[in-house]
Amino acid sequence: MANATNVRVRFCPSPTGNPHVGLVRTALFNWAFARHNEGTLVFRIEDTDAARDSEESYEQLLDSMRWLGFDWDEGPEVGGPHAPYRQSQRMDIYQDVAQKLRDGGYAYPCYCTTEELDTRREAARAAGKPSGYDGHCRDLTAAQIEAYEAEGRKHIVRFRMPDEATTFTDLVRGDITVQAENVTDYGIVRANGAPLYTLVNPVDDALMEITHVLRGEDLLSSTPRQIALYKALIELGIAKGIPEFGHLPYVMGEGNKKLSKRDPQASLNLYRERGFLPEGLLNYLSLLGWSFSADQDVFSIPDMVAKFDLADVNANPARFDLKKAEAINADHIRMLDVKTFAEACEPWLKAPHANWAPEAFDQAAWEAIAPHAQTRIKVLSEITENVDFLFLDAPVEDEASWTKAMGKGDPAALLTTARAKLEAADWTSPESLKEAVLAAGEEHGLKLGKAQAPVRVAVTGRTVGLPLFESLEILGKEKSLSRIDAALTKLAA
Ligand code: GLU
Ligand code: ZN
């Protein structure tokens, strides 16, 4: 039951671009933490950046969350006591808080122009001094403000950082102390009045009573600022307390570089299109910074939730390994019951992915072959090339396979013998079909592996595929023999 404890976590992406695996990992850890602790998961949309956010991306985020199997207790489509959960609909709240921060002296207007800031930053750097904001406008008098306004200058709103070090205990990284000179006063409202992430994110965490902030390591540097802001919000009676923070490790991609959102490997859609199962993908992503146990890395998502503990999250960067992701997904494919597997593949088998007409799809043949395919494929999209021989009028023309199987020895002689023996075999028994090909091979001095290759290519078009004799049985005697005939004709040409 949600809400059984006071644990409240949030997943709060910005709807920019396509969802990426880093985002999914963050969602997963928050969701698993909420479910493990019988707490509440808040799903909030941080769409205050009109230039970058899009409705299409918002729809995609929701669709992705549903596809992954996540549920949330508060947020879009489900509502909740802190609605609305889209920041673009909360602008009046931020304006009000920004005003209170200014009235309380926690924030102030800064009239510095970008050029002035740049010039002073350069000078500070040259003098070997810290190069953050220098506090120029911290204590402007009413007269100075009036003069700036009269000049027509615009101002941003800056938060006044206290002159003391910030110390907090990160749930993943342990104690962290940041000196005051490294965190200078920062902007919370733009010159055009638009509130910034630096304000809206902690304000909503406060108002939504978030107890644990679990997010990527890239946001670690914003935490001291947010803690200072929280203290102000507590004094203003807006926040009840400071949440705990846990920063999840970076995910490294190719060449040990941080996996970037723009990296094609990072796109969630890629994994959906290739036919990852949500549980396979989530299993893999859960290992990016966490481990289930020393000797087991394939598990169900309910088991993951049961075991999920922040104490087991590792601070070291995690490496994204596509091969391992596929291997884990393959294990999840094996774990499905065959009916579920068959249904999961059907979108790939019934256009538009398939290269046969939709009406050529044969449900009975598919259900017969499905158990053999289930033990073979790593991602669902691989199903097409494994079973297309059942639905195509003629097998695919794959030159490499043809050359490999037919390019040496006397394939025509072998196929002629095999065809005769198959003709006489019992087509309700794969064992009998195997005997036929085995016997044909013996007549030509070929072991089974060598003897079955030309048969396989004649019937399926490829040198590798599902177990051959089951494939022949399911395709049927008539079609199989006529494909062997067609191959013999081609060999004779
Ligand atoms: N909207 C922010 C992001 O997607 C959220 C950061 C946070 O979790 O605090 O980066
Ligand atoms: Zn200033």
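The values are calculated or read from the model by the stated rules, or taken from the named source; none is laboratory data. Keep in mind it's a predicted model, so treat the numbers as computed, not measured. Neighbour counts run over all protein chains shown; Cβ positions are idealised from the backbone, glycine included. Surface areas here come from the heavy atoms of the whole protein model, side chains and all, with no ligands, DNA or RNA. Shrake-Rupley method; radii C 1.70, N 1.55, O 1.52, S 1.80 Å.
Structural remarks
- In segment 447-466, the residue that is nearest to Thr417 (Cα to Cα) out of those that are open to solvent by 60 Å² or more (accessible area, probe 1.4 Å) and in a loop (DSSP other than H, G, I, E, B) is Lys447.
- Residue match in segment 186-194 (condition: of a type in the set (Val, Ile, Thr), under 22 Å from Glu46 (Cβ atoms) and more than 12 Å from ligand 2 (Cβ to nearest atom)): yes
- Residues that are under 18 Å from Arg190 (Cβ atoms) and either open to solvent by 70 Å² or more (accessible area, probe 1.4 Å) or more than 12 Å from ligand 2 (Cβ to nearest atom) (or both), drawn from segment 142-159: Glu149, Gly152, Lys154, Phe159
- Residues being at pLDDT 95 or above, out of contact with any strand residue (DSSP E or B) (no Cβ under 8 Å at 6 or more places or on another chain) and surrounded by 17 or more Cβ atoms within 10 Å (Cβ to Cβ) - total across segment 51-61: 2
- From the list Asp96, Asp118, Asp73, Asp139, the lone residue that is more than 16 Å from ligand 2 (Cβ to nearest atom), among the acidic types (Asp, Glu) and surrounded by fewer than 14 Cβ atoms within 10 Å (Cβ to Cβ) is Asp96.
- The set of residues in segment 104-115 that are within 20 Å of Pro162 (Cα to Cα) and either within 16 Å of ligand 1 (Cβ to nearest atom) or surrounded by 18 or more Cβ atoms within 10 Å (Cβ to Cβ) (or both) comprises Tyr106, Ala107, Tyr108, Pro109, Cys110.
- Summed over segment 263-309, residues that are in contact (Cβ under 8 Å) with a residue 60 or more places away in the chain, more than 17 Å from Met252 (Cα to Cα), more than 11 Å from the chain's Cα centre (by Cα) and not in a helix (DSSP H, G or I) total 5.
- Members of segment 1-18 found to be buried (at least 24 other Cβ atoms within 10 Å of the Cβ) and of a type in the set (D, E, K, R), listed by number: Arg10
- Those residues of segment 213-240 which are open to solvent by 30 Å² or more (accessible area, probe 1.4 Å) and either of a type in the set (Gly, Ala, Ser) or within 15 Å of ligand 1 (Cβ to nearest atom) (or both), in sequence order: Glu217, Asp218, Leu219, Leu220, Ser221, Arg225, Gly237
- Subset of segment 179-212 [within 12 Å of ligand 1 (Cβ to nearest atom) and among the acidic types (Asp, Glu)]: Asp204, Asp205
- Residue match in segment 172-185 (condition: surrounded by 21 or more Cβ atoms within 10 Å (Cβ to Cβ), within 16 Å of ligand 2 (Cβ to nearest atom) and of a type in the set (D, E, K, R)): yes
- Selection count, segment 421-446, where residues are in a helix (DSSP H, G or I) and open to solvent by less than 60 Å² (accessible area, probe 1.4 Å): 10
- Any chance Arg86 is within 16 Å of ligand 2 (Cβ to nearest atom), modelled with pLDDT of 95 or more, under 18 Å from Pro202 (Cβ atoms) and open to solvent by 10 Å² or more (accessible area, probe 1.4 Å): no
- Residues that are of a type in the set (Gly, Ala, Ser), under 12 Å from the mean Cα position of the chain (by Cα) and under 15 Å from Gly216 (Cα atoms) do not occur anywhere in segment 52-71.
- Within the set Val21, Val42, the sole residue that is under 17 Å from the mean Cα position of the chain (by Cα) and either within 16 Å of ligand 2 (Cβ to nearest atom) or open to solvent by less than 20 Å² (accessible area, probe 1.4 Å) (or both) turns out to be Val21.
- Candidates are the residues of segment 188-212 that are touching a residue at least 60 places away in the same chain (Cβ under 8 Å) and more than 28 Å from Asn30 (Cα to Cα); the one that is surrounded by the most Cβ atoms within 10 Å (Cβ to Cβ) is Val189.
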